[in-house]
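Below is one structure, written out as structure tokens; the observations come after it.
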Amino acid sequence: MVHELKHAHDKVEKVTPGFVIWASFYDKHICKRKLAYLELMNLEDSTIQDKFKALCTIVKRVHDLCEGTGGGGLHDQLEAEGVSLHVYNTVMDLYFDNSVFNAIGGVDPSFVQPG
């Protein structure tokens, strides 16, 4: 769901003069997206955001560990964290052009916006 919102945000940003704030875009469109995912219908928006931030923290930790070792051990780290390669790649795709998220070190991903 967040992945779809990110791509929609990117499209809007390309045709809209100025800067389209991700947080505002997310808040405006989250209810429409929840309708497509029955398992999310009963969750509060803040719960979805908290779960996504927790997932991003795990992905960031795995990313940093693997980058620090020259990229080795990705599958072992993902297994240890209980995250699939597909989920890891999806989150990394959201943040692929964000230099703050991709920097190795102590960046808290809960403060970093996708893209």
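Greater than 24 Å separation of Cα atoms is the criterion. Which listed pairs, LYS14/LYS51; LYS6/LYS60; LYS6/LYS53; LYS28/LYS60, meet it? Let's see the in-between values first.
Numbers: LYS14/LYS51 29 Å; LYS6/LYS60 18 Å; LYS6/LYS53 15 Å; LYS28/LYS60 26 Å.
The pairs that break the limit, which is 24 Å between Cα atoms, are LYS14/LYS51; LYS28/LYS60.
How would you classify the range 40-92 from its alpha-carbon gyration tensor, with a ≥ b ≥ c the square roots of the eigenvalues: rounded for a/c under 1.5, else prolate if a/b is greater than b/c, otherwise oblate? Here the range 40-92 falls in the prolate category.
Accessible area per residue was computed with a 1.4 Å probe on protein heavy atoms; LEU65 scores about 80 Å². Between GLU39 and ALA80, the distance separating the two model label sites (each 7 Å from Cα on the Cα→Cβ line) works out to 2.6 nm. Remark: spin-label model distance VAL87-ALA54 equals 1.0 nm, labels positioned 7 Å along the Cα→Cβ axis.
The values are calculated or read from the model by the stated rules, or taken from the named source; none is laboratory data. Just so it is clear, the structure is predicted and the values come from calculations on it, not from any experiment. Positions of Cβ are generated from backbone atoms using ideal geometry, with glycine treated the same way; all protein chains shown enter the neighbour counts. All accessible areas refer to the heavy atoms of the entire protein, side chains included, with ligands and DNA or RNA removed. Shrake-Rupley method; radii C 1.70, N 1.55, O 1.52, S 1.80 Å.
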